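Inspection log for the structure reproduced underneath, given as structure tokens.
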Amino acid sequence: MSVFKTSIKALAVAVFAAMVGGCDWVVMSPSGDIAAQQADLIIWATVLMLIIVVPVIALTLLFAWRYRASNDKATYKPDWDHSTHLELVIWAAPLAIIIALGAMTWVSTHQLDPYRPLSRVDEGKPVPEGVEPLVVEVVAMDWKWLFFYPEYGVAAVNELAAPLDRPIKFKITATTMMNSFYIPALAGQIYAMGGMETQLHAVINEVGVYDGFSANYSGAGFNGMRFKFHGMSDGDFAQWLDKVKAQGDELSRPVYKALAEPSEYEPVRYYRAVMPGLYDAILNRCVDPGTLCMKDMMGGHKGHGDHQNHGGEAADHRGH
């Protein structure tokens, strides 16, 4: 069964390669387990549909040739109107394909739910016991990406890094307009929206530098809203963190306010320290002192002065 599956997948990939030879092949040959499962889903869905499409096209050409007007040997039955065997083939085959596609989609929809924590880091390789995911807080800005690493207390603009075979939990929001966080080699896209948080669980399995970008048009600087995602060994990731801490500035509130202004084609920046609770304040739209946080407003605390975000007090509300 494994050999058959591999052969079918190789054949389907070859067909895709012939059809889109000039395209970037990263979606169908990714480096992360979630994206690899998504690619398999695309291949199997296509193979199942081709089981119907290819015979229909072939039979259409065959019938057109066999029953052409000049073929005197073709059987002529002007009163023919029904064949039970033909009806069974016409209805049973598509029905079987639809059932197979439906079952596969149902299972995959739950297995590949972006909010679902990973149960494995690669095929046949479950998440090791005791390993916690690397949490990365993502903020889509105008027009750049800001990444927080709360476990390490650092942040970076337009550069993302993660160690191999460690689950990653992305928590994603935006400052203003809606964007879409997408690293084709890692996983599918997921939207970033102001005042809301979406999530994505993924893992990278191969060392490399991969493209990340916004897949949702968001204005004048959209084309430059790109970043590099580095898949690294544990040692290289530790060195990357050391570089961020050595070269970075401090991401205070005034620095963030200046960064939040619309700008295009921003260079990579590092921040060795981050104002406590900054991501939570961005998510809840209460970065400015004295602004009531959305979570407090929706929690029925509007008007209570002790829940307002004064100065650095945003950190006190984290996790409430």
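The values are calculated or read from the model by the stated rules, or taken from the named source; none is laboratory data. The shown structure was predicted, so the numbers you read here are calculated from the model rather than taken from an experiment. Quick reminder, even Gly has a Cβ in these numbers, built from the backbone with ideal geometry, and neighbours come from all protein chains shown. Only protein heavy atoms, including side chains, enter the accessible area calculation; ligands, DNA and RNA are left aside. Shrake-Rupley method; radii C 1.70, N 1.55, O 1.52, S 1.80 Å.
I'm trying to understand the selection: among the residues of the stretch 186-195, which are crowded, with 23+ Cβ neighbours inside 10 Å and farther than 16 Å from residue 282 by Cβ? Outline the logic, then answer.
So in the stretch 186-195, the residues crowded, with 23+ Cβ neighbours inside 10 Å come out as 186-187, 192.
Result: 186, 187.
Which residue pairs have Cβ atoms under 6 Å apart, sit 6 or more places apart or on different chains, and have a first residue in the stretch 222-238 that is within 15 Å of residue 30 (Cα to Cα) and a second that is assigned to a helix (DSSP H, G or I) and open to solvent by 10 Å² or more (accessible area, probe 1.4 Å)?
No pair meets every condition.
Count, please, the residues in the stretch 223-247 that happen to be modelled with pLDDT under 95 and either open to solvent by less than 50 Å² (accessible area, probe 1.4 Å) or touching a Cys at 6+ places or on another chain (Cβ under 9 Å) (or both).
The qualifying residues number 1.
Could you run through the stretch 266-300 and say how many residues are surrounded by fewer than 21 Cβ atoms within 10 Å (Cβ to Cβ), in contact (Cβ under 8 Å) with a residue 60 or more places away in the chain and on the phi < 0 side of the Ramachandran plot?
The total comes to 8.
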